[in-house]
Amino acid sequence: MNILENFLSADEEQEIVSAIHMAEKNTSGEIRVHIEKNTDEPIDVRAKHVFHALKMDNTKLENGVLIYIAIENKKFGIYGDKGIHKIVTHSFWDNTRDVMQEYFEAGAFKTGIIEGIKNASEALKKHFPWDVNDRDELSNEISKGKL
Ligand code: CA
Ligand code: CA
């Protein structure tokens, strides 16, 4: 059994991609989800490495947000780029993390990820509103595996 492929069903993945698509209609911020089997690094360190490996720092306003999940470690991290850190407080991250944690503990991974995306986009849109010149700078597809 492939733990990475079975973590979310194809339908669930599609729902998550749609949630990112919808979230990015409200903000110029770019949200991605990466799923990995496991990691030896502390979760926040790994999230930062994955963020850079996915070239998520390649946005005009430095407003990419990564939701990173290590399945076997039963851990997840959220990493946001410099542009966001200049503006939002720690409570933004804590709040998003808490929302996701609650669903994850109940085994509702898809819902947890989607609620995390919604939560992040609500905060992002205040500081990084969508505008007509906005482009989809980073893919909305879920990425997986070692990078
Ligand atoms: Ca965008
Ligand atoms: Ca995007």
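Derivation of every value follows stated rules applied to the coordinates shown; laboratory data play no part. Keep in mind that what you see is a predicted model, and the values were worked out from it rather than measured. No Cβ is skipped: glycine too gets one built from the backbone with ideal geometry, and neighbour counts run over all protein chains shown.
Side notes on the structure shown:
- Residues in segment 43-70 that are β-branched (Val, Ile, Thr) and within 14 Å of the chain's Cα centre (by Cα) were compared, and the one that is farthest from MET100 (Cα to Cα) is VAL50.
- For TYR79, the conditions (1) away from ligand 1 (no atom under 16 Å from the Cβ); (2) assigned to a helix (DSSP H, G or I); (3) in contact with a Leu (Cβ under 6 Å, 6 or more places away or on another chain) are fulfilled apart from (2).
Yes/no matrix, rows are residues, columns are (1) more than 15 Å from ligand 1 (Cβ to nearest atom); (2) of a type in the set (Val, Ile, Thr); (3) over 11 Å from the mean Cα position of the chain (by Cα):
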| site | (1), (2), (3) |
| --- | --- |
| ILE113 | yes, yes, no |
| GLY116 | yes, no, no |
| ASP131 | no, no, yes |
| ASP134 | no, no, yes |
| GLY145 | yes, no, yes |
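- In segment 93-147, the residues that are of a type in the set (Asp, Glu) and surrounded by fewer than 17 Cβ atoms within 10 Å (Cβ to Cβ): ASP94, ASP98, GLU102, GLU105, GLU122, ASP131, ASP136, GLU137, GLU141
- Any hit, segment 37-49, residues being of a type in the set (S, T, N, Q), out of contact with any strand residue (DSSP E or B) (no Cβ under 8 Å at 6 or more places or on another chain) and either surrounded by 13 or more Cβ atoms within 10 Å (Cβ to Cβ) or in a loop (DSSP other than H, G, I, E, B) (or both): no
- Which numbered condition ASN26 fails, given (1) crowded, with 20+ Cβ neighbours inside 10 Å; (2) closer than 22 Å to GLU137 by Cα; (3) of a type in the set (S, T, N, Q): (1)
- So ILE69, is it more than 15 Å from ligand 2 (Cβ to nearest atom), within 16 Å of VAL17 (Cβ to Cβ) and buried (at least 16 other Cβ atoms within 10 Å of the Cβ): yes
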